[in-house]
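Enquirer: The structure that follows is given in the form of structure tokens.
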Amino acid sequence: MASSDPSEWLQTRLPKLSQLDSLQRCLICKDFLKAPVITSCNHTFCSLCIRQHLQSVSNCPLCKAEQFESNLKRVIILEELVSCFRELRPQLLSLLALQDSGEAVMEPPPPKDIEVVEISDDDTSKGPDLVQCPVCSKSMSAKHLQQSHLDYCLRGEVEPPAASALLKLTRSAKSSAERKRGGISLFFLAQKRARPSPPPKEEINHEAFYFNEVHKHHHEVKRLPKIDFSSLSTVKVKEKLLNLKLLTQGTRPQLELRYNQFYLLYNSNIDLSRPASELELRQKLNQWEKSHQGFSAPKAGSTIYGDELKYKALTDKDFPIRGWLKKYREEFTTLTQTARATHAKKKASAIDVPSGTTTPESTTQSPGMTTSTQLQSSTVAVNEVIELSSHELEKQFFPDSKQDANVAAASSADEKPHFAATESLSPARSLAYLGNAAPDSALQREGSQKIAEEELYDFSNSMLA
Amino acid sequence: MAALPKRIIKETQRLVSDPVPGITATPSEENLRYFQVTIDGPSSSPYAKGRFDLELFLPDDYPMCAPKVRFLTKIYHPNIDKLGRICLDVLKDNWSPALQIRTILLSIQALLGAPNPDDPLANDVAVDWKSDEAKAIATAKEWTEKYAVPSTDSS
């Protein structure tokens, strides 16, 4: 199903329904509330979303008041309201769809598996103020084109049927002949087909459930307990997993991840009026594992998370930095050497010193780094980070490796920047560390380091040249 | 790579279809968690008329942890260091999953309008800012002119 959005109501005859729509959504996942629970500060979220959040931070995402999982309470009536609204939503959307003076609102290109019927130019559904969509060259009212169709078309998506379902054209092959004959019949035909009965899902009577079937409101299921893994041996952890009929293969961290995720799924499932079976939960867990990086196979080389390092984020406190450094040390060395070599060359030609024997050391010590301020930092910054950090890495973790004076000075301050270099392969990754930088880290820098930084600007510049 | 949560798709759609005035955010084609961002300097600030490039990355844990944002354009601002890192509470301790890309970018725009030299990231800038604000503002204007104003021929 295409993801729904409150903004869809803005193109209907009752735009205010978007408020009703938004209010029924979870602030965390932006989707309709699923198993809504209320906090002690009276804010409501999906059970799964808030439990996930509380696993890392014990506060309310909305008001920051202290919050604990044990205080969460189900809101049964809200769950029924939301699911009732969700069932009615597609119909409401189509009933309230805007029409411009009875003008046919055309569909965007149909999905591939449906036969496309070209609508000829003399088709009566084409009114005086119809315009062609510049992308798919379908005709439609200018308003519709501007308000919704173009967005979808440009994104290469099919417009959700809700917006134009009222006048949906049937595209089955058998009607193509009728279609050619008369535009009017086409119009009516379309309308008749356009109010489809909702898919025959099992009918749920929300009213009856809430008022009469009270016995169903409480599930005789105990929540799973939180486990303090540090006090358990791996054997014990496996035992626990086995009791829950969960897989016991994988490394210790994988076992812990698996339990924690199942714990979330299980406990939030209990908050549903109609909980899923444990079998379904285990399937969900398996799906989750497939897409979770902690369980992805350590395909060598291609990822920066190799071997035993793969399930740790680089920014984690206990990231095995030494192992990581050992693994990628050569890459760092090559990078630094390339940078120095380029830099040396450039300096040599600029100062008019015979090139060739210029060692990295002598170059970095030479003054005159003023060009750095002229740089467009946009292109340089990432390189700079890489450079700076790789030096620091060397200094901090391989103190016996060869260094030059400035680098030694540079390495004194920041605790964190080395993470940037670890992610040097993609610009996106470099951000992973940048956002984390402690606000006061810059304060600790010393004058000498600033000089070194300036040089690194210069380095990067020459690398680019 | 973890699967792309529905929320990120929703947010991206909305950023594209209903952009915030003065702010653009375009996802990268190779990595839908990586965005190219531009923020226009607030008109009442020394950064007026500047258009600043930023990069934004949504970590695997997003929305349970904050997006990583960094200035790519050089900027003279007490809360933004020379690597473009931003000192902003909602990007660190005050992050909440109820926030989103749009609100974060608005906060950054607001930070441009209200520099806070008492909680500095770029110490030298903050010192200048406190000792001679008029001069600091002049420098900020100069930098904006130099690095952030789009050249006239390329609109």
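The values are calculated or read from the model by the stated rules, or taken from the named source; none is laboratory data. Treat the numbers as computed from the prediction; the structure is a model and nothing was measured. Positions of Cβ are backbone-derived with ideal geometry, glycine not excepted, and every protein chain shown enters the neighbour counts. Ligands, DNA and RNA are stripped out before the accessible areas are found, and what is left, the full protein with its side chains, is counted by its heavy atoms. Shrake-Rupley method; radii C 1.70, N 1.55, O 1.52, S 1.80 Å.
Enquirer: With respect to A:Pro275, determine if the residue is open to solvent by 20 Å² or more (accessible area, probe 1.4 Å) and either part of a helix (DSSP H, G or I) or modelled with pLDDT of 90 or more (or both).
Expert: no
Enquirer: Have a look at B:Thr144, B:Thr73, B:Thr139 and point out the one that is open to solvent by less than 10 Å² (accessible area, probe 1.4 Å) and touching a residue at least 60 places away in the same chain (Cβ under 8 Å).
Expert: On inspection, the qualifying residue turns out to be B:Thr144.
Enquirer: Filter the stretch A:8-21 for residues that are over 15 Å from A:Phe85 (Cα atoms), assigned to a helix (DSSP H, G or I) and either touching an Asp or Glu at 6+ places or on another chain (Cβ under 8 Å) or open to solvent by 90 Å² or more (accessible area, probe 1.4 Å) (or both) and give the result.
Expert: Scanning the stretch A:8-21 gives a single hit, A:Leu10.
Enquirer: How about the stretch B:25-53: which of its residues are under 18 Å from B:Gly84 (Cα atoms) and of a type in the set (Val, Ile, Thr)?
Expert: Those that are under 18 Å from B:Gly84 (Cα atoms) and of a type in the set (Val, Ile, Thr): B:Val37, B:Thr38, B:Ile39.
Enquirer: Would you mention how many residues in the stretch B:109-135 are more than 25 Å from B:Ile23 (Cα to Cα), more than 13 Å from chain A (Cβ to nearest Cβ) and open to solvent by less than 40 Å² (accessible area, probe 1.4 Å)?
Expert: 1
Enquirer: Let me ask something additional. Across the stretch B:19-29, which residue is farthest from the other protein chains (Cβ to nearest Cβ) among those that are part of a loop (DSSP other than H, G, I, E, B) and open to solvent by 70 Å² or more (accessible area, probe 1.4 Å)?
Expert: Step by step, filter the stretch B:19-29, then rank; the result is B:Pro21.
Enquirer: Another question about this same structure. Out of the residues in the stretch B:3-12 that are open to solvent by 20 Å² or more (accessible area, probe 1.4 Å) and farther than 17 Å from B:Glu55 by Cβ, state the one that is nearest to the other protein chains (Cβ to nearest Cβ).
Expert: Going through the qualifying residues, I end up with B:Ala3.
Enquirer: Only one residue in B:Leu91, B:Leu15 is open to solvent by less than 40 Å² (accessible area, probe 1.4 Å) and within 10 Å of chain A (Cβ to nearest Cβ). Which one?
Expert: The conditions single out B:Leu91.
Enquirer: Taking the conditions exactly as written (assigned to a helix (DSSP H, G or I) and either modelled with pLDDT under 85 or within 30 Å of A:Ser47 (Cα to Cα) (or both)), does A:Val117 satisfy them or not?
Expert: Taking the combined requirement at face value, the residue does not satisfy it.
Enquirer: Could I ask something else about it? Could we say that A:Leu81 is in contact (Cβ under 8 Å) with a residue 12 or more places away in the chain and farther than 20 Å from A:Ile38 by Cβ here?
Expert: No, not satisfied.
Enquirer: Ok, one more. Quick check on the stretch B:74-87. Is at least one of its residues assigned to a helix (DSSP H, G or I) and either more than 9 Å from every other protein chain (Cβ to nearest Cβ) or closer than 27 Å to B:Glu11 by Cα (or both)?
Expert: Looking through the stretch B:74-87, none of the residues is assigned to a helix (DSSP H, G or I) and either more than 9 Å from every other protein chain (Cβ to nearest Cβ) or closer than 27 Å to B:Glu11 by Cα (or both).
Enquirer: Do we find a residue being outside any helix (DSSP H, G or I) and either open to solvent by less than 30 Å² (accessible area, probe 1.4 Å) or not hydrophobic (A, V, I, L, M, F, W, C) (or both) anywhere in the stretch A:78-94?
Expert: No, that holds for no residue.
Enquirer: Next question. Out of all the residues in the stretch B:40-70, which are among the hydrophobic types (A, V, I, L, M, F, W, C), part of a strand (DSSP E or B) and more than 8 Å from every other protein chain (Cβ to nearest Cβ)?
Expert: If the condition is that a residue be among the hydrophobic types (A, V, I, L, M, F, W, C), part of a strand (DSSP E or B) and more than 8 Å from every other protein chain (Cβ to nearest Cβ), then B:Phe52, B:Leu54 are the ones that fit.
Enquirer: Filtering the stretch A:22-41 down to residues that are outside any loop (DSSP other than H, G, I, E, B) and within 13 Å of chain B (Cβ to nearest Cβ), which residue is surrounded by the fewest Cβ atoms within 10 Å (Cβ to Cβ)?
Expert: Among those that are outside any loop (DSSP other than H, G, I, E, B) and within 13 Å of chain B (Cβ to nearest Cβ), it is A:Ser22.
Enquirer: Just to verify a result, which residue in the stretch A:46-68, among those that are without any contact (Cβ under 8 Å) to a residue 24 or more places away in the chain and surrounded by 18 or more Cβ atoms within 10 Å (Cβ to Cβ), is farthest from A:Ser273 (Cα to Cα)?
Expert: A:Cys60
Enquirer: From the list B:Leu106, B:Leu32, B:Leu56, B:Leu99, pick out the single residue that is open to solvent by less than 30 Å² (accessible area, probe 1.4 Å) and not charged (D, E, K, R).
Expert: Only one candidate passes the filter, namely B:Leu56.
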